[in-house]
Structures are given as C-alpha cells and as structure tokens.
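Single-structure report; data block below.
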Amino acid sequence: MAELRQTLVTPVRGRTGADTGPAQAVRRRASRARRLRQGGAALLLVAPAAVAYAVFVLRPISSTIQYSFYDWDGITESTWVGLQNYARILTDPELFGPILHAFELIVYFSLVPVSLGLVAAATIRKFAASRVAVVARVVLFLPQVIPLVAAGIMWTWLLSTDGVVNQFLRLLGLGSVTRAWLGDFDTALPAVGLIGAWVSLGLCMVLLLAGMTKIDPALYEAARLDGAGAVREFFAITLPSVRQELGVCLTVTVISALASFDIIYISTQGGPGNSTLVPGLEIYYLAFFEREVGQASALAVVLMLVVLAVVLPLQRITRGRES
C-alpha cells in the first residue's frame, strides 16, 4: 500500500512542484517573445508618423530655438547674442505689443464664439425636429468651410467705408456711426475679432451640439419633476455634461487667437499703425522683410511658450475630476 500511495502521489507532486519550474520558464519566454513581436509590429506602424513628426515638427522647433540665440539675417555669418533677443521682446513695445493684442483677441476668437455656440447648440437641440434648426445648423457652420483668405477679403469689403455694414447703418439713420471699421485705430482690432468670432462660431456649435446629444433625456425629466426651469437645467445638467467638448472648443479657439495670421494679414496687414499687429504677423515681417531671423525665432519661441502656458492649465481645468 505504501508503494502504491507513493506511486499515486509522485506524479501529482511532479506536476505541481519542482517539475513546473521549466514549464513556467518556457511559458514566460514564449510570452515575452510574443510581447516583443507585438511591440515590434506596433513600432513599425508608428515609425512613419514618428519620423515625419521628428523631421517636420521637432527639427524645426529645435532649429528655431538655436537661431533665437543669434543675430542673423539669414544669409551672412551669424553672431552669438545669448538672451539679448528675448530681452528685447520684453522691453521693446513694438515686440511686446503684438502679444498683448493676441491676448485681447482671445475675447473675440474664443469667449464670444464659445458662449454663442453654447446658446445656439442648446436652442437647436431643443428644436431639433424643426426645419429651422436644420437650416440654422448649416448656416452657422458654413463659415467654417470657407477659406480664411476668402473670409478676410469678404469682410474687408463688408466693413469698408462704402460697404454693406455702413450702408445698412445709414439706412437706419445712423450715418454718424459709420467709419472705415478696419482702418480706424479704435475699431480695427475689434473688427478683426468679429471676423474670427464669425469663423469659429460654427465649429463650437457643432462640437457642443454633439456633446449635448449624448446627455440622457432622463436627467432633464428628473429635473423638470423637481421644478427646474430651462435656465436651471442648462447650468445643472447641460453645461457640466459638455465639459470635454467645451475644453476642446476653448483650446482650439485660444490657439487660433494667439497664433492668428491669415485673417489679419488679409484684412489689415497689422494696421492701421500697429493696432492689429499680432505675433504671427510680426514674426513674418521680422524674418522676411527686416531680415532679423534671430529676433523672429526668439519671438516664435516666446509665442510657443505663451500658447503652452495658456492651453495646458486650460486643459487641466476643463477635464476636472476626470483628469
């Protein structure tokens, strides 16, 4: 009986004891080899995009940072100046002023279209079944598909001295208010901001409307049973539910304001004077007209840092607890 018991126990102990070591090692090696093959395949798929990103994004950024420490006209030999280009940006009003203008454009390019987009999206969602809502959605999104150059030219005609805007004001008996909106020192920047708000409104409306369609209707029904009105529903249910979409809208529009170029170049070219000059346009003038490549590179680096300093905290705030 003892020999029979030993015979029955020995295989079981061999399968669960010392004999399992080599088998487990083989399985671990096979699993590691499988992960390596999967990782290699993933790297092969990512490699083209990574190479393109390194060549067309990381390399120009590193070159710009390098040029920012030199005094260089783009042709002759460069001269090392250290942080002198950056110091000039902080002390020269002609270089620091465009940064302030870019922050002012955030109000028009970002806050205005996002606020109007929220109202438009909430209204269209409430009357989604009507034809008016469909037409309104198409009309509001139409500026987003128009090239910015074409939009700038069109609004230049509309806001000119004899443009449609002034003609409409004269028709209403407000001829004393008319002016060359893009040629007046006081109204040029708000007029450019109006163009940017018009372009961005459609994108914000569509993104926010997409977020609102995911909200459970039962939440609104429960709120109505508790006696909540339309305004209370908006602030208690709609606004918190579109936090992510709101973050995307703010991020895109803030970057558009800080890095604006197309609309301003077409409509005002930075004038009158420097009243609508922004960093993107100033970089262009410094590099290609004044041949100050080093100074233009320094301003570009500062602009990149400003965008990161504004966008990263904004992303953190809009993500909230989900971050």
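Across the stretch 226-236, computed HN-Hα scalar couplings (Karplus, 6.51 cos²θ - 1.76 cosθ + 1.60, θ = phi - 60°) run 7, x, 6, x, 5, 5, 5, 4, 5, 7, 8 Hz from first to last residue, x flagging Gly and Pro. If only the Cβ of Lys and Arg carry +1 and only the Cβ of Asp and Glu carry -1, the dipole of the chain around its Cα centre is close to 2440 debye. Calculated [222 nm] ellipticity per residue, helices only, for the chain: -22500 deg cm²/dmol; basis is -39500 (n - 2.57) per DSSP H run with n ≥ 4, divided by all residues, nearest 500.
Counting only whole DSSP H helices of the chain, the ones at least 27 Å long by C-alpha along their axis and with mean Kyte-Doolittle hydropathy no lower than 0.5 are 188-212, 293-319. Charge dipole (Cα centre; +1 on Lys/Arg Cβ, -1 on Asp/Glu Cβ; no other charges) of the stretch 159-275 amounts to roughly 80 debye. For the chain, the residue among 209, 180, 251 whose Cα projects farthest onto the positive side of the dipole built from Cβ charges is 209. Annotation: peptides 159-170, 221-232, ranked by per-residue average of other Cβ atoms within 10 Å with the highest first, follow the order 159-170, 221-232.
Specify whether the C-alpha gyration tensor of the stretch 175-323 places it in the rounded, prolate or oblate class, a ≥ b ≥ c being the square roots of the eigenvalues: rounded for a/c under 1.5, otherwise prolate if a/b is larger than b/c and oblate if not. Taking the square roots of the gyration eigenvalues as a ≥ b ≥ c, the stretch 175-323 is oblate.
Considering all different alpha carbon pairs of the chain, the Kirkwood hydrodynamic radius works out to 24.8 Å.
Each label point was placed 7 Å from the Cα along the Cα-to-Cβ direction; for residue 107 and residue 171 their separation is 3.0 nm. For residue 71, the residues whose amide H sits under 5 Å from its own are 79, 80, 81, ignoring neighbours fewer than 5 places away on the same chain, with H placed 1.01 Å from N.
Loop-located GluC sites (Glu not before Pro) in the stretch 69-139 (DSSP state other than H, G, I, E, B) with a sparse environment of at most 12 neighbouring Cβ atoms within 10 Å: 77. Considering only 58, 43, 172, the Gaussian network model of the chain with Cα springs below 10 Å gives its largest mean-square fluctuation to 43.
Each peptide in 82-88, 59-65 was scored by the mean count of other Cβ atoms within 10 Å over its residues; highest first, the order is 82-88, 59-65.
Read the figures in this text as sums done on the coordinates, not as results from a lab. Nothing here was measured: the structure is a model prediction, and the numbers come from that model. Positions of Cβ are backbone-derived with ideal geometry, glycine not excepted, and every protein chain shown enters the neighbour counts.
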